[in-house]
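Student: Would you mind keeping the following structure in view while I ask a few things?
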Amino acid sequence: MQLQIAECLYIDQTGTKGRGVYTSEDLPENVIIEISPVLAMSGADRKLLDQTPLHDYIFEWGENNELCCAAWGYISMYNHSYSSNCEYYMDFEQQIIMIRTVRSINANEELLINYNGDWDDARPLWFDAH
């Protein structure tokens, strides 16, 4: 699978979360804006990566989250929101992650995913006791 990123996407400073992914154009609801191949790694690799700054940029991977992966493209640069405007999908067989909009998004708006997987999942994350 080849890396596909919508031409309107770009990386910029967020002010509070470091860098994030933005769009230079209005985006409609329910459109795939990125498809990225991943490098799947073992559970043992994950234990090692969890001890490095890469911990914040890898994804749990596999049917039972027993593996981890590094995603290419912009995937690891999307910031988190409990009510995100995008959602990610993992295809374990093809070893890809796709990003899809879940609502219309305005030009120059930051694109956000919910690190829990579902765009509106409010379960607290490891870094946020909200």
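The values are calculated or read from the model by the stated rules, or taken from the named source; none is laboratory data. Computed from a predicted model, the values in this text were never measured in an experiment. Methodologically, a virtual Cβ is constructed for each residue, glycine included, from the backbone with ideal geometry; neighbour enumeration extends over all protein chains shown.
Student: Within segment 65-102, can you find the residues that are touching a Gly at 6+ places or on another chain (Cβ under 8 Å), hydroxyl-bearing (Ser, Thr, Tyr) and in a strand (DSSP E or B)?
Tutor: Once the filter is applied, which keeps residues that are touching a Gly at 6+ places or on another chain (Cβ under 8 Å), hydroxyl-bearing (Ser, Thr, Tyr) and in a strand (DSSP E or B), segment 65-102 yields only Tyr88.
Student: Do the conditions hold for Ala107, that is, is it assigned to a loop (DSSP other than H, G, I, E, B), among the aliphatic types (A, V, I, L, M) and modelled with pLDDT of 95 or more?
Tutor: Criteria met by Ala107.
Student: Continuing with this model, one more query. Looking only at segment 21-39, decide whether some residue is in a loop (DSSP other than H, G, I, E, B), surrounded by fewer than 19 Cβ atoms within 10 Å (Cβ to Cβ) and modelled with pLDDT under 95.
Tutor: Checked segment 21-39: no residue is in a loop (DSSP other than H, G, I, E, B), surrounded by fewer than 19 Cβ atoms within 10 Å (Cβ to Cβ) and modelled with pLDDT under 95.
Student: Can I ask one more? Which ones in segment 58-102 are free of Cβ contacts under 8 Å to residues at least 24 places away in the same chain and under 18 Å from Ile5 (Cα atoms)? Quick ask: steps written out before the conclusion?
Tutor: Applying the first criterion (free of Cβ contacts under 8 Å to residues at least 24 places away in the same chain) to segment 58-102 yields 58, 60, 64-66, 76, 89, 91, 93.
Result: Ser76, Tyr89, Asp91.
Student: Within segment 55-69, which residues are within 14 Å of the chain's Cα centre (by Cα) and surrounded by fewer than 18 Cβ atoms within 10 Å (Cβ to Cβ)?
Tutor: Selection gives His55, Asp56, Tyr57, Glu60.
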